[in-house]
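The values are calculated or read from the model by the stated rules, or taken from the named source; none is laboratory data. Only a predicted model underlies this, so the values are computations on that prediction, with no experimental measurement involved. We place every Cβ from the backbone using ideal geometry, glycine too, and count neighbours over all the protein chains shown. The area values use the complete protein model at the heavy-atom level, side chains included, leaving out ligands, DNA and RNA. Shrake-Rupley method; radii C 1.70, N 1.55, O 1.52, S 1.80 Å.
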Amino acid sequence: MNDGTTVMPIGISIFLIAAGAILYFAVTKAVNGLNLGAVGVILMIVGALGLVVSLLMLGMSRGRVERTTVVQGTSAAPTGNAVLHEETR
């Protein structure tokens with residue numbers, strides 16, 4: 001189930017990286033009291049950290065399948081039915 005909770009942080013992180021790269025590499029104007037190159041580097045670092053965290057969270061949330069097999073009809077339960085329960089988180 002992907003309800004957008006993982007996609008949105010990845011998009012925001014990519015946007016921050018792109019905005020930071022533009023400020024660092026492409027903007028040549030100077031602003032009094034503000035170093036746009038430093039702001040660009042900070043945005044790229046924050047975006048990269050956000051991307052790494054988002055991808056780690058995505059990797060942890062995918063592929064987790066909990067399987068419980070209940071077999072009835074063995075010596076513990078003599079009815080003869082087999083039930084497989086799968087739950088994806």
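Things to note:
- Meets criteria (over 25 Å from residue 8 (Cβ atoms), hydroxyl-bearing (Ser, Thr, Tyr) and either at pLDDT 65 or above or open to solvent by 50 Å² or more (accessible area, probe 1.4 Å) (or both)) for residue 75: yes
- Residue in region 27-34 that is in a helix (DSSP H, G or I) and out of contact with any strand residue (DSSP E or B) (no Cβ under 8 Å at 6 or more places or on another chain) present: no
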